[in-house]
There are 2 protein chains.
Amino acid sequence: MTRVLIFGTGSIGSVYAYILDRAGCSVICICRSNYDVVATNGFTINSAIFGQNLTVRPHVVKSVEDAATYAQEQGQDFDYIIVSSKAFPNATPSTASVIAPAVGKSTAILLIQNGIAIEEEYATAFPANSIISAVTYVPATQTAPGLVTMGALDGLEIGTYPAEPLDSAMPAVTALKRLAELVAAGGATVTCYPDVQVRRWRKMIVNATWNPTCALAHQSDVQFMDASPQSIEFIWDAMLEVVAVAQALGYVDVTVKDAEQQLDRAKGRIGTKGIEFSMLADVKGERPMEVEAIVGNAVRLAKEKSVSTPYLSALYVLSKGLDTGIMHRAANI
Amino acid sequence: MTRVLIFGTGSIGSVYAYILDRAGCSVICICRSNYDVVATNGFTINSAIFGQNLTVRPHVVKSVEDAATYAQEQGQDFDYIIVSSKAFPNATPSTASVIAPAVGKSTAILLIQNGIAIEEEYATAFPANSIISAVTYVPATQTAPGLVTMGALDGLEIGTYPAEPLDSAMPAVTALKRLAELVAAGGATVTCYPDVQVRRWRKMIVNATWNPTCALAHQSDVQFMDASPQSIEFIWDAMLEVVAVAQALGYVDVTVKDAEQQLDRAKGRIGTKGIEFSMLADVKGERPMEVEAIVGNAVRLAKEKSVSTPYLSALYVLSKGLDTGIMHRAANI
C-alpha cells in the first residue's frame, strides 16, 4: 500500500487526500487549525466533478514530528510527501527543513504549489530524493475547517525536478509515473510532462498578473477590467512580460497565444462577479501572500535574463509592501 | 474689505480661513459635515508655525446657494472663491458647476488643489473670471470637525491660469498679486510665479508616485522603503517618469535634481514612522481618492507626448481599481 503524507491540508491538500484515498493509498494528513474537525469527521468535499458530500477520513496528526513517529511505528517510510501548503521561498524556517523529519530515504516529494522556482530549496535539502513539481488549476476552497468546495475543473500537471525525459529510468521518473497512476486510479485527471516548468510558466501568465493586481486593487478580475479603459491593456502587457521571461529562459512553448487565451478567458467572465484570486483572499484575511513565489521569483529571473518587466516589477514591489504590512501587523510590529 | 468664500473647509481651507481672517478679509465658509461645530465655535487650529489653540470664526453657510444668497444680501460679489476641496476632474456634477451660483462677475477663483491639469474645467466654465492655481505643501489634518492640526511647513505657490507674466496688466495678475498681499498680511508665506505649472509638476514628483504607491501598499513611505530592496528604485524610476512628462510638456525647469531632492527627503525619514499620504488616509476611510487629478491626468499627458511611463501607468490602473471599489461600496453597488 502506497503511503502518502500530506503537508498543507487546505483545499488542494484535502482534494488530493480524497483522490489518493480513493486510489487505495494510506493517507496521513498533518492538520493544524482544522485538526479537531478532521480528526473527528474527516474532510467533507463538495465537488462539481466528483460529487457532493464526499467524505475522506485520513489518519490525522498534528505535526511533522508526529507523522515521522507514525511512520517509524509502522516501520515504513512515506512513499510520497505532498507539500500543498502556500509557497514561501526563503522563509525561515524553510518548508523543506520543516518537513525533513518525515522525509525518508525513498520518499518522493510532490510540490503542488503556485509560482516559479520553488523547487530548488527541496532539491538542495534532499539531494537523494525524487522531487516532483506539480501545477493544478483545481478551484477549491476550504469554506470551514474540514469542509471543502471544489469547482468544475480538474487536472494535475506533473513533472520531475529537474526535468527528465519520461522514458528515463531515473527513480524520480518512476515515482512520477506511479503517482500519475494513483491519481488516475483515484478518478482524477493527471498529465506527466518531461519539463513541467513550461506548464508552471503558462500558469504564471495568469498568476503573476491577475493575482497581485486584484490584491492591490482589492477587486475581482471582472471588477478590475470594469474600473478603467486601461485595465485590460495593463493586464495584457503584464502577461506579455511573463511570456517574454519564460521564452528568455528557454521555455519557447510559452507563447503570446497562451496569453491571448488567458486574456480571452478573463474577458469571457465579464458580466459575472469574476474570480477572487488567492492573494486578494489573503489580503482580506490578513494572511501572508505568496508574493515571492508568484511575482518576486519571476522578476528576479527576468533581471537575470535582462528582460524588461516594468509592470511585473511594479506589481512585485507594491504587493511586497502590502504583504510586509500584513506580516508586521500579524507580528504586532 | 476683501470678501473670500471658501469651498472645501477641510484642513487646508481652514488654515487659509485663519490666515485671510487675520489679513482682515471677510471670510465665509461653506461647511457640511463640520457645520454645527464651526457655526458654534469656529475653527480651532493648532499650528507648529502660527501657534496653538488659535480660533477663527468665519461666517458659516451650509451650501453654495446660501453663500450666493449671503453675497446678494450684502450687495457685493465675492472677491475670491477658494476651492480647497479634493480635486475630482470630470466628476458629475463638476465642482465648477457646483460653485457657479457663488461666482460673480469679478470673482477670482483660487484652486488650492492637488494634481495636474485641474484648471481647465474652471477656465471653460468661467471664461471671464480670473483663475489662480495654487500649490501648497502645508501639512494639515482635520482631526475632528473644526479641529485642525498643522505641521511645521508653510508656503503657498500661486500663479494665474493660463500663465501670465507677473508684470502683465491682466486682471488675473492683479487678482494674483492682491491675493499674495493678503496671504502675506495674514502672516503666511506665499510666492507668485508666472507659470505655476512648473511648481505643480515639481509637487507631482512626490504626489504622483508616493501617494498611489502608499495607498496600494497600505503603508507609509518609510514602511514601503523598508519592505523591499527594490522599493526605492521603483519610486525613483517613477519620479523620473514624472520629470520626463513635465519636460516633454515644456517644463524644463522640472529636473532630475528635483527628483533627487524629493527622494533624499524620503530617505531622510527612514527611522521615523514616515508620512501617511492622503490617498492612504482615503483608502483607510473608504473615501474617494484623487486618482485622476494626481495620476490619471499625468498618464494621459504622457501618452499625448509619447512619453513612456510604465510605473505611473501601473500606479494609475491599480489605484483606479482601488478607488472604483471604494466608490462602488459607498454606492452599495
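The values are calculated or read from the model by the stated rules, or taken from the named source; none is laboratory data. The structure displayed is predicted, hence computed values, not measured ones. Neighbour counts are summed over all protein chains in view; Cβ atoms, including those assigned to glycine, are modelled from backbone coordinates with ideal geometry.
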Count - residues of the range A:121-156 that are touching a strand residue (DSSP E or B) at 6+ places or on another chain (Cβ under 8 Å) and closer than 25 Å to A:Val198 by Cβ: 17
Do you know which residues across the range B:121-149 are free of Cβ contacts under 8 Å to residues at least 24 places away in the same chain and more than 30 Å from B:Gln52 (Cα to Cα)? B:Pro127, B:Ala128
Looking at the range A:183-204, which of the residues that are part of a helix (DSSP H, G or I) and more than 23 Å from A:Val252 (Cα to Cα) is farthest from the chain's Cα centre (by Cα)? A:Ala185
Looking for whichever is without any contact (Cβ under 8 Å) to a residue 60 or more places away in the chain, more than 16 Å from the chain's Cα centre (by Cα), over 29 Å from A:Arg329 (Cβ atoms) and not assigned by the TED database to the domain that holds A:Pro162 here; the options are A:Val299, A:Val256, A:Val242. Which one fits? A:Val256
Would you check which residues across the range A:237-266 are more than 27 Å from A:Gln142 (Cα to Cα) and basic (Lys, Arg) and list them? A:Lys257
Does A:Ala217 satisfy the condition of being surrounded by fewer than 24 Cβ atoms within 10 Å (Cβ to Cβ), without any contact (Cβ under 8 Å) to a residue 12 or more places away in the chain and either within 14 Å of another protein chain (Cβ to nearest Cβ) or out of contact with any helix residue (DSSP H, G or I) (no Cβ under 9 Å at 6 or more places or on another chain) (or both)? no
Out of B:Ala152, B:Ala169, B:Ala180, B:Ala175, sole residue that is touching a residue at least 12 places away in the same chain (Cβ under 8 Å), not in a helix (DSSP H, G or I) and not acidic (Asp, Glu): B:Ala152
Subset of the range B:67-84 [closer than 15 Å to B:Ser106 by Cβ and either in contact (Cβ under 8 Å) with a residue 60 or more places away in the chain or not assigned by the TED database to the domain that holds B:Ala17 (or both)]: B:Ala71, B:Gln74, B:Gln76, B:Asp77, B:Phe78, B:Asp79, B:Tyr80, B:Ile81
Out of the range A:289-324, which residues are more than 11 Å from chain B (Cβ to nearest Cβ) and surrounded by fewer than 16 Cβ atoms within 10 Å (Cβ to Cβ)? A:Glu304, A:Lys305, A:Ser306
Residues (of a type in the set (Val, Ile, Thr), touching a strand residue (DSSP E or B) at 6+ places or on another chain (Cβ under 9 Å) and within 29 Å of B:Glu292 (Cα to Cα)) located in the range B:64-102: B:Val64, B:Ile81, B:Ile82, B:Val83, B:Thr95, B:Val98, B:Ile99
Sort through B:Ala39, B:Ala48 and tell me the only one that's free of Cβ contacts under 8 Å to residues at least 40 places away in the same chain and of a type in the set (A, V, I, L, M, F, W, C). B:Ala39
Which condition breaks for A:Thr213 when tested against (1) closer than 30 Å to B:Lys284 by Cβ; (2) touching a strand residue (DSSP E or B) at 6+ places or on another chain (Cβ under 6 Å)? (2)
Cβ-Cβ below 6 Å, separation at least six or inter-chain, first residue in the range A:310-333 and assigned by the TED database to the domain that holds A:Val295, second aromatic (Phe, Trp, Tyr) and surrounded by 23 or more Cβ atoms within 10 Å (Cβ to Cβ): which pairs? A:Ala314/B:Tyr311; A:Val317/B:Phe234; A:Gly321/B:Phe224
Could you check, for the range B:258-278, whether at least one of its residues is within 14 Å of another protein chain (Cβ to nearest Cβ), surrounded by 15 or more Cβ atoms within 10 Å (Cβ to Cβ) and touching a Pro at 6+ places or on another chain (Cβ under 8 Å)? no
With within 26 Å of B:Ser33 (Cβ to Cβ) and within 23 Å of the chain's Cα centre (by Cα) as the only criterion, which of B:Ser319, B:Ser313 stands out? B:Ser319
Condition test on B:Ser228, is it facing chain A (nearest Cβ under 10 Å), under 23 Å from B:Asp282 (Cβ atoms), of a type in the set (S, T, N, Q) and surrounded by fewer than 23 Cβ atoms within 10 Å (Cβ to Cβ)? no
What are the residues in the range A:216-231 that are hydrophobic (A, V, I, L, M, F, W, C) and under 14 Å from B:Ala314 (Cβ atoms), if any? A:Leu216, A:Ala217, A:Phe224, A:Ala227
It is to be established whether one or more residues within the range A:57-65 are buried (at least 21 other Cβ atoms within 10 Å of the Cβ), modelled with pLDDT of 95 or more, in contact with a helix residue (DSSP H, G or I) (Cβ under 8 Å, 6 or more places away or on another chain) and not in a strand (DSSP E or B). yes
Would you check if A:Thr107 is among the hydroxyl-bearing types (Ser, Thr, Tyr) and under 26 Å from A:Gly151 (Cα atoms)? no
